[in-house]
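Presented below is the structure to which this report refers.
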Amino acid sequence: MPELQAVTGQLYIVDGVMQAVEANAAVPGILVHPPPNKATRSRSRDFLFVHLTLSGGMGETAVLAQDLLDLISQKFYATSGSLTAALRGAIMAANQTLLQRNLTGQEATREGGITCAVLRQDELFTLQAGETLALLGHNFGIERLPPRQLDHITPLGRTSGLDIRYAHHRLQSGDLMLLADPRLSHLPTDDFNEALVDTDIESGLDALIDTVADESARLLIIEFNDDSLLDLPDVVVPRPREGQVIAPTPQPRRDPEAMTLPVASSERRPQPIREGQPASARDNIRTLPAVDRQQVETTARRAGSQAALGLSTFTAWLVDLLSRLRPPRTAEPIQEEEEPTSLTWPILIAILIPILIAVIVSGVYLERGRSQRLSEIQTEMSQLISLADQVGADSAQARQYYNDALALAVEAETEVRPGDGTVAQLRTTARQRLDVLDDVTRLSTRPYYEFSEGTALTHVELRDGFNGGIFILDKGNGLVYEQETDESYLNPLTLEPEARLFNGQAVGSGVVGSVIDIFWRPAGSAVSRDGLAILDSNGALLTYQPNLGSTFAVPLDLASQWQAPIAIATFDERLYILDIGARVIWKYFPNGDDFIANADDRTIFFSDEPELNQVIDFDIFSQDGGLVLLYRDGRIRYYDTRSGRLEWDETDVLANGLLTPFVAPTSVEIVGRGLNASIFVADPGSGRIVQISRPTGQVLAQYRATAPDGSELFSQISDFAIAETPLRIFVTTEQTLYLAVQE
């Protein structure tokens, strides 16, 4: 990662006349500040640039502007942690100070706009509030900040709430940044090409004088360069042209008592080099006299010419190589015994060189395109978050803004540049605020076990009792695994899960077919030992008993009538099989170790049409037989199985706390006993697990979790199992078992 230097130049123009600035002084409202000795460790490599504009005449606001700049620099360098959070806090402190001054009513009201930029190695972080103008020049064009005219702008000093806009860029050596008064915003971006694109800072300053013409402006131009060996000035002063008059800058009188903060700008006062000060803090911003343009040896144009020179050297070498391989013809006849020179290498070289050049050029343009799109995504995300913060009571609109920001984060992660720190930070901010808006609890997660590639995990089940244990169904490979754990389920007792059953395995007199579903079957009057029950597509119920390490099979009556069974549940030792093909829930009664079908009571009765062909999962309450049906389109219904009557449905849930309907749910589970029993629904479409009161349909809680790669873990969920008190959620994705817990 290159360590970039910042070379700065300033212009102060009033009605087309350049104003003289005293040596070691800065233009009013402009701050250039290297990290001071007393900066916190996290700020020790951050270089701060600020452009502040206040309403009113410059002579009237210069002292106030300087106080605000001092406050910003002091707050920023005294705050540890996130760079953007520190900079935001500094801007908010300045806004609060200006607001309190305006509310006193003793002096004229002042409002303004501010642009703060921070250089850290090769990264540039920019925060803006109020009406501002900043331009970032690359060798391929200019990027405007903000990129377009904003519909709503809250100026500095009007209210305690600010619409702060964020931007983040990866810099290249030779990039230039311009911080300017918003009064120049009417000028087209292309007017600044000569000053900011493929040029150096001295030429840029000269071009800016022509661009401003007869207008007034305070300009800070910054060149970012990584060549520390060049004798580059830290502050570049534009040379007056022949016949041009430089007007003196009016210096307002400053009340010494108003100076409550230390002077911070390195351009106003030279900073002594102290013992132990980091070299980067001394070298990256230096105060030297102006130099002639010829002294600057590395610019974008010169870099291009050096590259061309290198290419010509390579071409000369290639010509020499070809001449050696194929020497020029002479007038002497070729002797018959001489072998002709082979053309294989020249032909290969002639073919490969254009291909390599095309690949390199294409890669450069693709990378530029990705960098530009990443910058656009970062800007759009920050704007969407700011818009969401300003909508007030309109929670639906705020939710839409946050979701749009998260969609942009997905695009950046999957299509542009994975792992970008600024996108991750903005995504975290949007998620946190959306969680507050939706009353969502975010869980911390960790991978419990990752299976090999090609696995397709579809079901997970916990073993009841005091022994612990987790069972996982890999439907893709036809395997049922057991992971032995302690009774808390949190700590595995074996290094990896053990396969307990597989497709084609001989069990009794039969062979295991395709496994449809699994559930934990407790011991009862019909079965003396509990175990993992496994529904087999061949029409059998398999039971694996961990204590004995054995598996036995029981054939089920009339299994030939099944059409498309997808799930199984139990109540009062009976079996209930959901068959979406036959549109029924089959019912089997225990008979010792076997099960029988009652000819008069083969299926569950419903008082209305339940549309079972649309159901994706179901579960039955172990104490009273209450039945919950989960539909693939987001509907949910709860029935009393004794009467077949509908108790409540999704409309009741939406009226009782579910702000966002289910989008694409996959599984449902009833957990707990008595009145404390809850229904948990996994909805990957909205990235949630929702907890609902079983008797009433009241939403009790909503949970989200972040995967290790930063994505929403529950948006990838295939199944889940829950242990309560404390809450532990075991989640399966395609090939990984995760554990999610409350912090």
Using the Cα centre of region 348-438 as origin and beta-carbon charges of +1 (Lys, Arg) and -1 (Asp, Glu), tell me which of 407, 395, 423 is placed farthest towards the positive end of the dipole. 423
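From the Cα trace of region 1-127, what convex hull volume per residue do you get, rounded to a whole Å³? List each step's numbers first, then the result.
Working: hull volume 15.5 nm³, N = 127.
Cα convex hull per residue, to the nearest whole number: 122 Å³.
Relative to the compact globular guide of 2.2 N^0.38 Å, what is the alpha carbon radius of gyration of region 558-645, as a ratio? Please list the in-between numbers first.
Details: Rg = 12.5 Å, N = 88, 2.2 N^0.38 = 12.1 Å.
My calculation over the Cα atoms of region 558-645 gives 1.03.
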Filter the chymotrypsin sites (Phe, Trp or Tyr not before Pro) in region 103-184 down to the DSSP loop ones having no more than 15 other Cβ atoms within 10 Å, then list what survives. 140
Sites matching GluC sites (Glu not before Pro) across region 379-475 that sit in DSSP coil, with at most 15 neighbouring C-beta atoms within 10 Å: 453
Mean separation of Cα contacts under 8 Å, 6 or more apart, over the residue count of region 348-438: relative contact order %: 28
Rounded to two decimals, the Debye log10 I(q)/I(0) of region 459-602 (Cα scatterers, no solvent) at q = 0.09, 0.10, 0.19 Å⁻¹ is -0.27, -0.33, -1.18
Distance histogram in 10 Å bins (all Cα pairs of region 348-438, percent per bin): 17, 37, 20, 13, 8, 5, 1
Taking max minus min of the Cα coordinates of region 116-236 on each principal axis, largest first, gives extents in Å of 47, 36, 25
Cβ-placed point charges (K, R +1; D, E -1), dipole of region 619-714 about Cα centre in debye, nearest 20: 140
Of the GluC sites (Glu not before Pro) in region 87-149, those whose Cβ has at most 16 other Cβ within 10 Å and which sit in DSSP loop: 107
For region 443-741, what number results from the quotient of the Cα radius of gyration and 2.2 N^0.38 Å? 0.96
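For region 443-741, what is the relative contact order in percent, using Cα pairs closer than 8 Å and at least 6 residues apart in sequence?
15
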Would you list, by chain and number, the lysines whose Cα falls below 21 Å from the Cα of residue 38, excluding same-chain residues fewer than 8 positions away? 75
Measure off 7 Å from each Cα along the Cα-to-Cβ vector at residue 599 and residue 491, then give the distance between these two points in nanometres to one decimal. 5.8
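Every number in this text was worked out from the coordinates using simple rules, so none of it is lab data. Please read all numbers here as calculations on a predicted model, not as lab measurements. Positions of Cβ are generated from backbone atoms using ideal geometry, with glycine treated the same way; all protein chains shown enter the neighbour counts.
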